[in-house]
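Note sheet for the following structure.
The values are calculated or read from the model by the stated rules, or taken from the named source; none is laboratory data. All figures in this text were calculated on a predicted structure; none of them were measured in a lab. Here the Cβ is made from the backbone with ideal geometry for all residues, glycine too, and neighbour counts use every protein chain on show. Calculation scope for accessible area: heavy atoms of the full protein, side chains included, ligands and nucleic acids excluded. Shrake-Rupley method; radii C 1.70, N 1.55, O 1.52, S 1.80 Å.
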Number of protein chains: 2
Amino acid sequence: MKLLIILAHPSPTSFNAALSDAAAHEARALGHAVQISDLYREGFSATAGAGDFLSPTDSASLHYQSEQRAAALGGSFAADIAREQQRLLWADCLMLQFPIWWGGPPAILKGWFDRVSAYGVTYADGTRFDTGLFKGRRSLVSVTTGGTPQRFTDDGGYGPIDRLLWPVQQLFLRYLGYEVLPPQVSHAVARQDDDSRKALIRSVRERVGELMEGLSKPSPVPAPEVLLESVGERRWDSAG
Amino acid sequence: MKLLIILAHPSPTSFNAALSDAAAHEARALGHAVQISDLYREGFSATAGAGDFLSPTDSASLHYQSEQRAAALGGSFAADIAREQQRLLWADCLMLQFPIWWGGPPAILKGWFDRVSAYGVTYADGTRFDTGLFKGRRSLVSVTTGGTPQRFTDDGGYGPIDRLLWPVQQLFLRYLGYEVLPPQVSHAVARQDDDSRKALIRSVRERVGELMEGLSKPSPVPAPEVLLESVGERRWDSAG
């Protein structure tokens, strides 16, 4: 099987980077193919805008989804978006590795959702949840936190981790059709000693085994021409 | 009173921009001072990194919070961060205006949370929720959606809007100490006719009245030297 890991942390010596490395090693040791999108190292741009399209149809009044549709049919996404889309379509399994900042992923990863997951490429009209194009593929969210486990309760103020991750797990991953495994949470990593960190790394390796195991080869996502053929010249009347 | 509006939409002709304009007009008509951070127009950078600090103490292995602490005490944040921090500290009320993309704010707004809200400036050790530094200030999240209201239910797949907004409202706004009004939601704006849009704009104007009304002048947020004096030379042992 094929695993794509998205790493979103500015420091190559971070614990997030160590977890991403460990996950890649484990998957390769199990015989799987792995690609890593190290968003900071690759200088991935976070902000969706007119520059995302090589030949925007209307740059005066940007309608992002219309431009995505045109770029999907014309193969005219900016290079970093096209590269990430290829990786995403290639992968049977997806692992997101990031620190929780202000209750969610760092902006660079939110920007990866915003820019890479495009109308006509990863979804189209009526493809969501059970009809999502990534049905049959599997995903794992692996996060680090500053806070201790008791913060992630109703009494602790932050609420359960699944509530924080609802936008990522439900509105992004499940929306696209992914099966979502329970999240892997490395709590309060700044306060862990070496033994605890090693245990957390072992735990992530086990989760990677679970992520890749017993999955049937999923169907490829249809090409934009096929996805969009029934829709015709769709018109949006607002930029939202 | 003083209102800061954060607008996060790439198109100046968007409905989000119209709502932001209407909110500013209404607040001024009521006699309040208004600033708008139009993140796209101002070219705000979304991605937290070493470039956020004019004189990073350790650029080889970036520890973001340590750098924030040094920049808070040394007045050495990058210009766009320093400007946004001044606006945030100036404002008694905060309104966030954005479209829901993949269940949350566009990356440019998430980056505003990540970069502007800095250790030593907007929070310090033990300042959160009831002890948050923005206690006595009030906030309103105003969003547009692609989906109809029925999508934002458990049966509709997206879940109630407050669940999507939990990271923004609880982990960012309430964490900092803000009172959070119920969110203002303009549903399915691409499908609304002119009359419906006018009604949505009127509704936002009313919410601005509610946001600014009957608030006592809040205490200023203490300066970094005061905030950090009890903490001393804090050491983090991990980049997370």
Checklist entry - Within segment A:54-91, can you find the residues that are closer than 19 Å to B:Thr13 by Cα and not small (Gly, Ala, Ser)? => result A:Pro56, A:Thr57, A:Asp58, A:Leu62, A:His63, A:Tyr64, A:Gln65, A:Glu67, A:Gln68
Checklist entry - Quick one: is B:Gly209 modelled with pLDDT of 95 or more and part of a loop (DSSP other than H, G, I, E, B)? => result no
Checklist entry - When you go through B:Ala91, B:Ala79 one by one, which is the residue that is more than 10 Å from chain A (Cβ to nearest Cβ) and farther than 23 Å from B:Arg207 by Cα? => result B:Ala79
Next on the checklist: Can you pull out every residue in segment B:157-210 that is touching a Lys or Arg at 6+ places or on another chain (Cβ under 7 Å) and among the acidic types (Asp, Glu)?
Outcome noted: B:Glu179
Item to check | Segments classed as strands (runs of 3 or more DSSP E), wholly inside segment A:1-99, with at least 1 members that are among the basic types (Lys, Arg), touching an Asp or Glu at 6+ places or on another chain (Cβ under 8 Å) and open to solvent by 10 Å² or more (accessible area, probe 1.4 Å) | outcome: A:2-7
Checklist entry - Just for segment B:35-47: of the residues that are out of contact with any Lys or Arg (no Cβ under 7 Å at 6 or more places or on another chain) and not aliphatic (A, V, I, L, M), which one is nearest to the other protein chains (Cβ to nearest Cβ)? => result B:Thr47
Next on the checklist: I'd like to verify a number: residues in segment B:44-69 that are over 19 Å from A:Asn16 (Cα atoms) and of a type outside the set (Asp, Glu), how many?
Outcome noted: 11
Item to check | Residue check for A:Leu109: modelled with pLDDT of 95 or more, buried (at least 22 other Cβ atoms within 10 Å of the Cβ) and more than 9 Å from chain B (Cβ to nearest Cβ) | outcome: no
Checklist outcome for this item: If we keep only residues of segment B:148-160 that are in contact (Cβ under 8 Å) with a residue 24 or more places away in the chain and more than 10 Å from chain A (Cβ to nearest Cβ), then the residue most open to solvent (accessible area, probe 1.4 Å) is B:Pro149
Checklist entry - When A:Lys110 is evaluated against the numbered criteria (1) in contact (Cβ under 8 Å) with a residue 60 or more places away in the chain; (2) farther than 27 Å from A:Ala190 by Cα; (3) not in a loop (DSSP other than H, G, I, E, B), which criterion, by number, is the only one it fails? => result (2)
Next on the checklist: Whether any residue in segment B:107-116 is of a type outside the set (Gly, Ala, Ser), more than 28 Å from B:Gly147 (Cβ to Cβ) and touching a helix residue (DSSP H, G or I) at 6+ places or on another chain (Cβ under 8 Å) is what I want to check.
Outcome noted: yes
Checklist entry - Of all residues in segment B:9-34, how many are under 18 Å from the mean Cα position of the chain (by Cα) and within 10 Å of chain A (Cβ to nearest Cβ)? => result 4
Checklist entry - When the residues of segment B:114-146 are filtered to those that are at the interface with chain A (Cβ under 10 Å from one of its Cβ atoms) and in a loop (DSSP other than H, G, I, E, B), which remaining residue is surrounded by the fewest Cβ atoms within 10 Å (Cβ to Cβ)? => result B:Gly146
Checklist entry - What number of residues within segment B:161-190 are open to solvent by 10 Å² or more (accessible area, probe 1.4 Å), at the interface with chain A (Cβ under 10 Å from one of its Cβ atoms) and closer than 15 Å to A:Gln170 by Cβ? => result 3
